[in-house]
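Working notes, beginning with the structure itself.
The values are calculated or read from the model by the stated rules, or taken from the named source; none is laboratory data. Note that the coordinates shown come from a computational prediction; the quantities given were computed from them, not determined experimentally. Reconstructed Cβ throughout: ideal geometry from the backbone, glycine too, with neighbour counts over all protein chains shown.
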Amino acid sequence: MHKESTTIMRNAADSPGFLHLLRLSDGADWLHMCIRHAETGTYLKNDAELNDLVVEAMIEEDTRSRLRVQGDGLMLLLKAMHLKGEEMARPEDMVSMRVWLDPTRVITTREADVDPILELGMRVKRGDGPATPGAFLCDLIHVHLDEVDEQLEMLEDAVDQIDSHLAGHQLELACPNMADSQARIAGFLRHLAPQRPVLEALASRSIPMLDQRDRIRLEDQLNRLLRFLESLQNLRERIDILNAQVTRIQDRKLNRSSYVLAAVATVFLPLNFITSLFGVNLPGLPFSDTPHGFWVLCALCASMAAVVLVLFRMRRGP
């Protein structure tokens with residue numbers, strides 16, 4: 001049966017979607033194919049004899065992390081980092097890893113290269129890769145979470161830098177970085193949160209091709225993922241606190257500016273009134289022909305001011 005399966009897997013090299021066929025150290029075959037060719041789905045269904053629902057999930061472009069156990073095999077879909085880089089990645093850089101495993105073979109498909117698959121491919125070619133399909137699954141998840149760990153460290157450094165900018169009241173540096181970090185946190189939570197039930201099922205369910213060591217390793221990776229999710233929630237809360245701090249700093253600056261404007265108005269408004277009063281053109285105004293016309297105007301201004309003050313006092317209440 002294994003020889004027949006190996007022959008079928010090698011025939012995949014004739015398919016346009018073929019990427020590589022490698023051998024794990026225990027003899028299981030690892031076939032990697034591209035879903036951008038229609039022939040890939042045909043091969044998986046007719047030659048590899050995968051269930052049509054499994055094939056549909058393996059070639060679907062937009063997928064959500066999930067697990068499906070069927071007979072002695074399982075299908076796993078996870079979001080992983082697209083390509084490794086030194087700069088902080090964005091959540092939209094995460095693409096799906098599609099994996100089918102059974103006791104004698106591993107089949108993976110991709111729409112774009114993902115780091116964990118490339119990493120495991122290099123290890124297998126060097127001869128220090130996983131020995132069994134179960135070990136392949138554990139190594140794949142381990143490499144995937146290693147890269148998530150690196151991205152979270154960079155994200156934590158970015159939030160620390162925002163905190164430092166706010167401590168120096170450098171809002172022009174803090175605010176753009178804050179919005180960007182907030183978007184990254186939300187994106188990683190959106191992609192990583194659905195992976196929690198997947199790893200919980202892998203660690204708790206009795207799957208024949210996963211031995212005791214594999215289940216222990218999967219439990220460890222589940223604990224890592226839970227820690228990452230807690231860190232992301234903590235970073236989100238820190239961003240909310242920093243946003244509140246920005247609001248307080250802006251309010252203090254606005255209050256300080258308003259105080260300065262009020263002080264200037266308090267100083268110059270009486271001066272403006274006095275200059276306007278002594279510069280008034282009396283001819284044409286009531287009582288302009290009387291010797292006391294100017295003082296009548298002053299009395300009228302004082303009366304109006306008194307009426308306004310009384311009205312303000314009445315509106316304020318007792």
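List of remarks:
- Close contacts from region 179-202, counting a first residue that is in the same structural domain as Ile216 (by TED's automatic domain parsing) and free of Cβ contacts under 8 Å to residues at least 24 places away in the same chain and a second that is among the aromatic types (Phe, Trp, Tyr) and in a helix (DSSP H, G or I), with Cβ to Cβ under 9 Å and a gap of 6+ residues or different chains, come to none at all.
- Only one of the numbered conditions (1) more than 24 Å from Arg215 (Cβ to Cβ); (2) in contact (Cβ under 8 Å) with a residue 40 or more places away in the chain; (3) part of a strand (DSSP E or B) is not met by Val95, and that is (2).
- When residues of region 1-26 are limited to those that are outside any helix (DSSP H, G or I) and more than 15 Å from Val106 (Cα to Cα), the one modelled with the lowest pLDDT: Met1
- Residues in region 106-161 that are surrounded by fewer than 19 Cβ atoms within 10 Å (Cβ to Cβ) and small (Gly, Ala, Ser): Ala112, Gly121, Gly127, Ala131, Ala158.
Let's see how each residue does on (1) at pLDDT 70 or above; (2) assigned to a loop (DSSP other than H, G, I, E, B); (3) more than 30 Å from Gly168 (Cβ to Cβ); (4) within 38 Å of the chain's Cα centre (by Cα):
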{"site": "Arg224", "(1), (2), (3), (4)": "yes, no, yes, yes"}
{"site": "Glu237", "(1), (2), (3), (4)": "yes, no, no, yes"}
{"site": "Val264", "(1), (2), (3), (4)": "no, no, no, no"}
{"site": "Thr275", "(1), (2), (3), (4)": "no, no, yes, no"}
{"site": "Leu285", "(1), (2), (3), (4)": "no, yes, yes, no"}
{"site": "Ser288", "(1), (2), (3), (4)": "no, yes, yes, no"}
{"site": "Cys298", "(1), (2), (3), (4)": "yes, no, yes, no"}
{"site": "Ala306", "(1), (2), (3), (4)": "yes, no, yes, no"}
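- Asp214 surrounded by 14 or more Cβ atoms within 10 Å (Cβ to Cβ), assigned by TED's automatic domain parsing to the domain that holds Asp72, assigned to a helix (DSSP H, G or I) and touching a Gly at 6+ places or on another chain (Cβ under 6 Å): yes
- Residues satisfying the stated conditions in region 52-74, i.e. closer than 22 Å to Ala193 by Cα and over 26 Å from the mean Cα position of the chain (by Cα): Arg68, Val69, Leu74
- Just one of (1) of a type outside the set (Val, Ile, Thr); (2) more than 29 Å from Pro16 (Cβ to Cβ); (3) at pLDDT below 90 fails for Ser96. It is (2).
- All conditions in (1) surrounded by fewer than 21 Cβ atoms within 10 Å (Cβ to Cβ); (2) farther than 24 Å from Gly27 by Cα; (3) modelled with pLDDT of 90 or more; (4) of a type outside the set (A, V, I, L, M) hold for Pro176, with the sole exception of (3).
- Pair list, Cβ under 7 Å, 6 or more apart: region 18-40 residue assigned by TED's automatic domain parsing to the domain that holds Ala135, other residue among the acidic types (Asp, Glu) and surrounded by 15 or more Cβ atoms within 10 Å (Cβ to Cβ): Leu21/Asp29; Arg23/Asp29; Ile35/Glu111; Arg36/Glu111
- Met58 fulfils the conditions (1) hydrophobic (A, V, I, L, M, F, W, C); (2) assigned to a strand (DSSP E or B); (3) over 30 Å from Ser181 (Cα atoms) except for a single criterion, (2).
- Any chance Ile239 is surrounded by 13 or more Cβ atoms within 10 Å (Cβ to Cβ) and in contact with a Ser or Thr (Cβ under 8 Å, 6 or more places away or on another chain): yes
- Candidates in region 242-263 are the residues that are closer than 19 Å to Asp160 by Cα and touching a residue at least 40 places away in the same chain (Cβ under 8 Å); of these, the one that is surrounded by the most Cβ atoms within 10 Å (Cβ to Cβ) is Leu242.
- Selection status of Asp214, of a type outside the set (S, T, N, Q), within 30 Å of Ala135 (Cβ to Cβ) and at pLDDT 75 or above: yes
- For region 27-40, a residue qualifies if it is closer than 18 Å to Val106 by Cβ and either in a helix (DSSP H, G or I) or basic (Lys, Arg) (or both), and exactly one does: Thr40.
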